[in-house]
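The values are calculated or read from the model by the stated rules, or taken from the named source; none is laboratory data. Keep in mind it's a predicted model, so treat the numbers as computed, not measured. Because the Cβ atoms are built from the backbone with ideal geometry, glycine has one as well, and the counts that use them run over all protein chains shown. Heavy atoms of the whole protein, side chains included, go into the accessibility calculation; ligands, DNA and RNA do not. Shrake-Rupley method; radii C 1.70, N 1.55, O 1.52, S 1.80 Å.
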Amino acid sequence: MNQKPTPRTVLITGATDGLGKAAALLLAKRGYRVFAAGRSAGKRAQLDALAREKGIPLEALAMDVCDDASVCNAISTVRDRAGEIDVLINNAGMAYIGTVEDMAMADYRQQFETNFFGTIRVTQAVVPRMRERRSGHILMMSSVSGLVTPPAQGAYSASKHAIEGLSNALRLEMYPFGVKVILIEPGYIVTNIQNIAEELLQPYREKVESGPYAKIYSSTFAGSQAGRAKSGTTAEDCAQIMLQAIEARNPKARYGVTPLATLVKWCKRLLPDSQVDAMIRRRYGITRDT
Ligand SMILES: NC(=O)c1ccc[n+]([C@@H]2O[C@H](COP(=O)([O-])OP(=O)(O)OC[C@H]3O[C@@H](n4cnc5c(N)ncnc54)[C@H](OP(=O)(O)O)[C@@H]3O)[C@@H](O)[C@H]2O)c1
């Protein structure tokens, strides 16, 4: 008798909004058993209601990636309810805007605690069983900011460069055990991350408006608005790329998402730093003060 195959279990961090949520819904529709993790109880309740309404195998789960106990509890819950985790998507993240000089140490720490240490915390909790079972996929949410760095995004970009380095090591370390480690590198996609970044900037208002970097901040916002206006790529498009990466027989090490990601990848490969810098300076109107 032909048995229905057991659905593969997916854990997505930061899956109550934006790119993670779109991936959670797509994978659940595709038949994966999805655990969609996030901190906000309200967003989790909304997601559960949506899953019930659509009749898809998705359960929201409380998890703060910055908290050891929370990560440990969430992973135990997934294992109790569904057994092994087949696919981990390290997606939870946030972005600060701020120049290197302006940003407070506490904000640098929070940036890294969420985007980098949070990813390590979840990965370390999931990897041992994947290694022992010699199977699994780990998707790491990077960014074009993990490849190049615009001004006023040093902290965020550094956290994504750190994710690139970590993932490059993990990909090699997992190779003997058949666990696939895949970087996802989106360009600008409209989600809540941009609104949260603006909220996080409030304490810096004075510096932003009248400090020595006011011009750079103003170009950053203008660039963000332009990105919003012309960003044709949606969270759902990004989810499709993640699905493609999970289901590929031989997945690539990294998947770009959005035309900007392709442009950045090629500029980085083909041009010297001086030319990449010149392009960024032109985009941000950065000229030498005389
Ligand atoms: N949108 C873009 O243009 C873009 C481009 C490149 C890369 N990315 C990356 O894509 C990922 C998702 O971003 P997004 O654009 O979808 O942002 P988003 O809409 O703000 O969603 C972020 C998600 O992360 C969760 N989250 C935040 N802090 C968390 C924490 N400490 N513990 C657990 N969950 C946490 C949020 O839920 P709770 O607040 O409920 O916890 C939310 O579900 C991030 O890693 C981001 O850097 C985004």
Q: Name the single residue, out of those in region 201-232 being among the hydrophobic types (A, V, I, L, M, F, W, C) and buried (at least 17 other Cβ atoms within 10 Å of the Cβ), that is nearest to ARG288 (Cα to Cα).
A: ILE216
Q) From the residues in region 233-244 that are out of contact with any strand residue (DSSP E or B) (no Cβ under 8 Å at 6 or more places or on another chain) and open to solvent by less than 50 Å² (accessible area, probe 1.4 Å), which one is nearest to the ligand (Cβ to nearest atom)? A) ALA235
Q. From the residues in region 26-51 that are outside any helix (DSSP H, G or I) and aliphatic (A, V, I, L, M), which one is farthest from MET63 (Cα to Cα)?
A. VAL34
Q: Could you tell me whether GLU164 is within 20 Å of the chain's Cα centre (by Cα), of a type outside the set (A, V, I, L, M) and open to solvent by 40 Å² or more (accessible area, probe 1.4 Å)?
A: no
Q. Taking ILE193 and the conditions (1) closer than 26 Å to VAL257 by Cα; (2) away from the ligand (no atom under 12 Å from the Cβ); (3) not acidic (Asp, Glu), which numbered condition does it fall short on, given that it satisfies the others?
A. (2)
Q) SER145 fails exactly one of the following numbered conditions: (1) within 15 Å of the ligand (Cβ to nearest atom); (2) assigned to a strand (DSSP E or B). What is the number of that condition? A) (2)
Q. Out of (1) hydroxyl-bearing (Ser, Thr, Tyr); (2) more than 13 Å from the ligand (Cβ to nearest atom); (3) in a loop (DSSP other than H, G, I, E, B), what's the single condition that is false for TYR96?
A. (2)
Q) Within the set of pairs 6+ apart or on separate chains, which have a first residue in region 265-290 that is in contact (Cβ under 8 Å) with a residue 40 or more places away in the chain, a second that is of a type in the set (Ser, Thr, Tyr) and part of a helix (DSSP H, G or I), and C-beta atoms under 9 Å apart? A) ARG283/SER219; TYR284/SER219; TYR284/THR220; GLY285/SER218; GLY285/SER219; ILE286/SER219
Q) When only residues in region 148-184 that are in contact with a strand residue (DSSP E or B) (Cβ under 6 Å, 6 or more places away or on another chain) and within 12 Å of the ligand (Cβ to nearest atom) count, which is nearest to VAL208 (Cα to Cα)? A) ILE163
Q) Any idea which of ASP102, ASP17, ASP80, ASP68 is out of contact with any Ser or Thr (no Cβ under 8 Å at 6 or more places or on another chain), open to solvent by 50 Å² or more (accessible area, probe 1.4 Å), in contact (Cβ under 8 Å) with a residue 12 or more places away in the chain and acidic (Asp, Glu)? A) ASP68
Q: List the helices (runs of 4 or more DSSP H) that sit entirely inside region 197-256 and contain at least 3 residues that are more than 21 Å from the chain's Cα centre (by Cα).
A: 205-210, 214-230
